[in-house]
Amino acid sequence: METLKTISIRKSTRSYKTKQISDKSLEIILNAGCAAPVGMGDYDSVHMTVIQNADMLDKITKAAAKSFGNPNMKPLYGAPTVIIVSGKPNSKMPNIEMADAACIIENMALAATDLGIGNVYLLGFIKALCSDKELLKNLNLPEGFVPLSAIALGYSSEIPEEKKSKHTIAVNKIK
């Protein structure tokens, strides 16, 4: 698939089949994340955690639902795979870890789309995850790392449809 076509058809998937993605597809997606630009080339400041354990995903879902006061909330949308991107805060470039995580996740989202795997950028559950010491401990993160954002992956249970409209972002040009 051509890059621009992949970009144009990528969409946020919010309903997944239970079928797990293949190890080969997961490796391709992780490699795309590893190819993302990271501020100052400090690849030691980012970390990815792949979660495919249904019990762990359920615990995260319940923690987020409790945190938001909505027992019916499904912040992971039932995806069978979630990759959490964590980072180390950087005193030289405050908040660069958020930009790094966004670049990593975007690369993985495009790779997943190219492979026909549904995906959605996740952020809302991170606060709940970070405030649950037991869940955080179960991530086995390196010292000093904190979860920043994530991507859900799986086969979409939604009926594919053409994108009807293109979003636009205001642009001004200074020549």
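The values are calculated or read from the model by the stated rules, or taken from the named source; none is laboratory data. Since the structure is predicted, the reported quantities are computational estimates derived from the model, not experimental observations. Because the Cβ atoms are built from the backbone with ideal geometry, glycine has one as well, and the counts that use them run over all protein chains shown. We work out accessible area using only protein heavy atoms, side chains counted, and drop any ligands, DNA or RNA first. Shrake-Rupley method; radii C 1.70, N 1.55, O 1.52, S 1.80 Å.
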Query raised in the report: Which residues, counting only those in segment 80-98, are small (Gly, Ala, Ser) and open to solvent by 50 Å² or more (accessible area, probe 1.4 Å)?
Result: Ser91
Report task. Report, ordered by the first and then the second residue, all pairs with beta carbons closer than 9 Å, sequence separation of six or more or different chains, a first member in segment 128-153 that is under 26 Å from Ala112 (Cα atoms) and open to solvent by less than 10 Å² (accessible area, probe 1.4 Å), and a second member that is aromatic (Phe, Trp, Tyr) and assigned to a strand (DSSP E or B). Result -> Ser149/Tyr121; Ala150/Tyr121; Ile151/Tyr121; Ala152/Tyr16; Ala152/Tyr121; Leu153/Tyr16
**Report entry** Flag for Gly33 being within 15 Å of the chain's Cα centre (by Cα), assigned to a loop (DSSP other than H, G, I, E, B) and surrounded by 14 or more Cβ atoms within 10 Å (Cβ to Cβ)
**Finding:** no
Report task. Return yes or no: is Ile104 surrounded by 23 or more Cβ atoms within 10 Å (Cβ to Cβ) and part of a strand (DSSP E or B)? Result -> no
Query raised in the report: Can you tell me which of Lys175, Lys137 is of a type outside the set (A, V, I, L, M) and within 30 Å of Asp42 (Cβ to Cβ)?
Result: Lys137
Query - Selection status of Lys19, modelled with pLDDT under 95, farther than 23 Å from Pro89 by Cβ and either open to solvent by 90 Å² or more (accessible area, probe 1.4 Å) or in contact with a Ser or Thr (Cβ under 7 Å, 6 or more places away or on another chain) (or both) - result: no
Requested in this report: Tell me, please, whether a residue that is of a type in the set (Ser, Thr, Tyr), open to solvent by 20 Å² or more (accessible area, probe 1.4 Å), within 20 Å of Val82 (Cβ to Cβ) and part of a strand (DSSP E or B) can be found in segment 7-15.
Outcome: yes
Report task. Working carefully through the options Lys62, Lys66, find the one that is without any contact (Cβ under 8 Å) to a residue 60 or more places away in the chain and either hydrophobic (A, V, I, L, M, F, W, C) or not in a loop (DSSP other than H, G, I, E, B) (or both). Result -> Lys62
